[in-house]
Amino acid sequence: MGTMIPGEIVEVVVEGIEHYGAWVDWNGQMGLVLIPDISWFPFREIGDVVSVGQTIRVKVLALLPRRPAESPGRREEFSASLKGVQPDQDPWLRVDEFRPGTVVDGKVDRLTSYGAFVLFAPGVLGLLERPDCPEDWEVGDLARVQIRDVDQEKRQVRLTLAPDSTSSEGWR
């Protein structure tokens, strides 16, 4: 059994999937890949990205102190990131292409009490705030929106309806 170092890329086997992440095994050491470290792109369920028994490459984020063997539950010995082995796939590397005022076509990804999240580029969601949302929008509707502003540091995009769009009619 070898020793791993934070920052190292290792091959692991997915041992289990939970609502908060995927358990992985590296030479008998258990690691955890949390949801934010699984994919650069939106997904509904972890099983859409990885499956139990699958061998994947991950970047070791941190080594964690071992818990006593009698502790209930799995022993997490390291944290890891699947995204860490795919830094070139970070959709925010290309977000410079989207400047305020740019009109883009997207798809309503989810509706919340404060607005609609619109997927307008692979892995990039923007928020159209509730007062600007057409009442007839549903998840999956196509939407023509205009970029209001981009905050790269926070990785947030605010949207407004494009000047020629008043509802989703004709976009479904």
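Here, each number is a calculation from the coordinates, and none is a lab measurement. Nothing here was measured: the structure is a model prediction, and the numbers come from that model. Cβ sites come from the backbone with ideal geometry, for glycine too, and all protein chains shown count toward neighbours.
For segment 99-139, which chymotrypsin sites (Phe, Trp or Tyr not before Pro) are both in a DSSP coil and crowded by at most 12 other Cβ atoms within 10 Å?
When the chymotrypsin sites (Phe, Trp or Tyr not before Pro) of segment 99-139 are filtered for loop state and at most 12 Cβ neighbours within 10 Å, Tyr114 remain.
Could you give the dipole magnitude of the chain about its Cα centre, charging the beta-carbon of Lys and Arg +1 and that of Asp and Glu -1, in debye to the nearest 20?
For this selection, approximately 340 debye.
Can you list the residues, at least 5 places off or on another chain, whose amide H is less than 5 Å from the amide H of Met30, using H built in the peptide plane?
Under 5 Å from the amide H of Met30: Glu77.
Grab the alpha carbons of the chain, take their convex hull, and tell me the volume per residue in Å³.
That works out to 137 Å³ per residue.
Just to confirm my numbers, what's the Cα centroid distance between segment 76-127 and segment 23-41 in Å?
Here the two parts' Cα centres lie 21 Å apart.
What lysines could a cross-link reach from Lys83, if we take a straight Cα to Cα line under 21 Å and drop same-chain neighbours fewer than 8 places away?
Lys59, Lys154
Which of the listed residues, Gln89, Leu159, Gly21, is farthest toward the dipole's positive end in the chain, when Lys, Arg count +1 and Asp, Glu count -1 at the beta-carbon?
Gly21
When the chain is treated as a GNM, springs tying every alpha-carbon pair under 10 Å, which of Pro134, Pro65, Pro87 comes out with the largest mean-square fluctuation?
Pro65
I'd like to compare 98-106, 154-162: which one has the highest average count of other Cβ atoms within 10 Å, and what's the full order after that?
Those peptides, ordered most packed to least, come out 154-162, 98-106.
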